[in-house]
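Encoded as structure tokens, the structure appears first; notes follow it.
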Amino acid sequence: MQRHDSHRSEPLFGTNSIGTPFIADTRDKGNYYININLGTPPKRYAVMVDTGSSFSWVQCQPKPNSSASTTFKKLPCSTTQCKLLREATPEGPDCTSPRECKYKASYVDGTFSFCYLTQDSLTLTQSEETLSGFVFGCGHWQDSNGSTFTSESAGLVGMTRNNKLSMISQLSAKYGHDFSYCLPTAQGGSGGSLFIGKDSLTRSSYNFTPMLTNSKDSGLYGLNLTAIVVANRTLGLDYNKDPTIIDSGTMVTRLPTLVYASLRYEFKRIMSLEKKNILVDLSSKEFLDTCYKGSLKEMSSYVPQVRMVFQGGVELPLAPQNLLVEGNKPGTVCLAFANYMDNGGTAIIGNIQLQTYSVAYDVSNSRIGFAAGGCS
């Protein structure tokens, strides 16, 4: 965990809304975190904000230590919170020792965390009233795939809408379930923030599309992706799909196989018209498999225009910085979309595509909004 004392968190609206800065991860471009304070006296943690997770956890090394905070408490298996873990984590609680509610949180990238279920005081800003009894996982993670948790963040806060253990649900008594955020560019952008509370939805001119429910997890934030347009050519989205998910814990957008293949083909076709572009040969096992020699700055003038279109005609035009990301090979950039070979055909919108947009989660009215220029 790194301290960032120069990034102060202060209320930006009123007593019923609050804001705190988003900080771009300097190593893992496209990942972001906020600072939270846990315990008495408070200890600062840098955590990812994950709209695709139902629960929060931080890294506690080497193990939970009640003497570090006078308000820290481990929760036993008999508590209601431990029972709620069955909904918040796929594997549920481990109650081999009734005095300790333990569990394992695992993620798509191979990251996992063995945690004790605990509670302590939570403070998001210097001026905010402390929330006592915030429930979270106090864990020691292990990772074999170079996860983002080996970088600048020390855990995550879950933001799903209907699980009682998510951070947004635990804060809802004061702020409600509505929130918004803007992610700055990964290339040194600033101005990104997370805003919690109804008042935060009035700061931008949003275009709204209905918020839908995903059949696999009703807490996820779904919407209907109706089309992808590449240089005025509309790609077909003919697949058996659940609502598309917006997931702030995912870096690049993932598309079902046929949709991704169509996007990749059209993107490569247009880029091939630029004789100065050299497509880099990559292993079929590479996560990002459409890469070119050069820099984002060099390609910005001729990268094809791409728009994502949602129900109601809401459009998300993607600038070059929303389409390309630095590749693993030095001096290369890659198309910031990936093939997602799940059986349900679910698409996931990642952070790269949403950079510089304000995104509103108007849970009260079951809608999601987008507004350009949100980080300025």
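Considering the conditions (1) crowded, with 20+ Cβ neighbours inside 10 Å; (2) modelled with pLDDT of 85 or more, residue 234 is excluded by exactly one of them, (1). Number of residues in segment 138-164 that are modelled with pLDDT of 60 or more and of a type outside the set (A, V, I, L, M, F, W, C) equals 11. Answer yes or no as to whether residue 216 is closer than 26 Å to residue 135 by Cβ and either surrounded by fewer than 22 Cβ atoms within 10 Å (Cβ to Cβ) or touching a Phe, Trp or Tyr at 6+ places or on another chain (Cβ under 6 Å) (or both). Here the answer is yes, as residue 216 does meet what is asked. Annotation: residue 56 fulfils all but one of (1) modelled with pLDDT under 90; (2) closer than 13 Å to residue 165 by Cα; the unmet one is (1). Inspect segment 44-52 for any residue being of a type outside the set (Phe, Trp, Tyr), surrounded by fewer than 20 Cβ atoms within 10 Å (Cβ to Cβ) and at pLDDT 90 or above and give the result as yes or no. Yes, segment 44-52 has at least one match. Scan segment 189-211 for residues that are of a type in the set (A, V, I, L, M, F, W, C), modelled with pLDDT of 95 or more and outside any loop (DSSP other than H, G, I, E, B) and the total you get is 1. Only residues that are at pLDDT below 80, touching a Cys at 6+ places or on another chain (Cβ under 8 Å) and surrounded by 18 or more Cβ atoms within 10 Å (Cβ to Cβ) were counted in segment 78-137, giving 1. When 156, 171, 183, 223 are checked against the criterion of being more than 17 Å from the chain's Cα centre (by Cα) and at negative phi, a single residue qualifies: 171.
The values are calculated or read from the model by the stated rules, or taken from the named source; none is laboratory data. It should be emphasised that the depicted structure is a prediction, and the values quoted were computed from it without experimental measurement. Note that each Cβ is placed from the backbone with ideal geometry, even for glycine, and that neighbours are counted across all protein chains shown.
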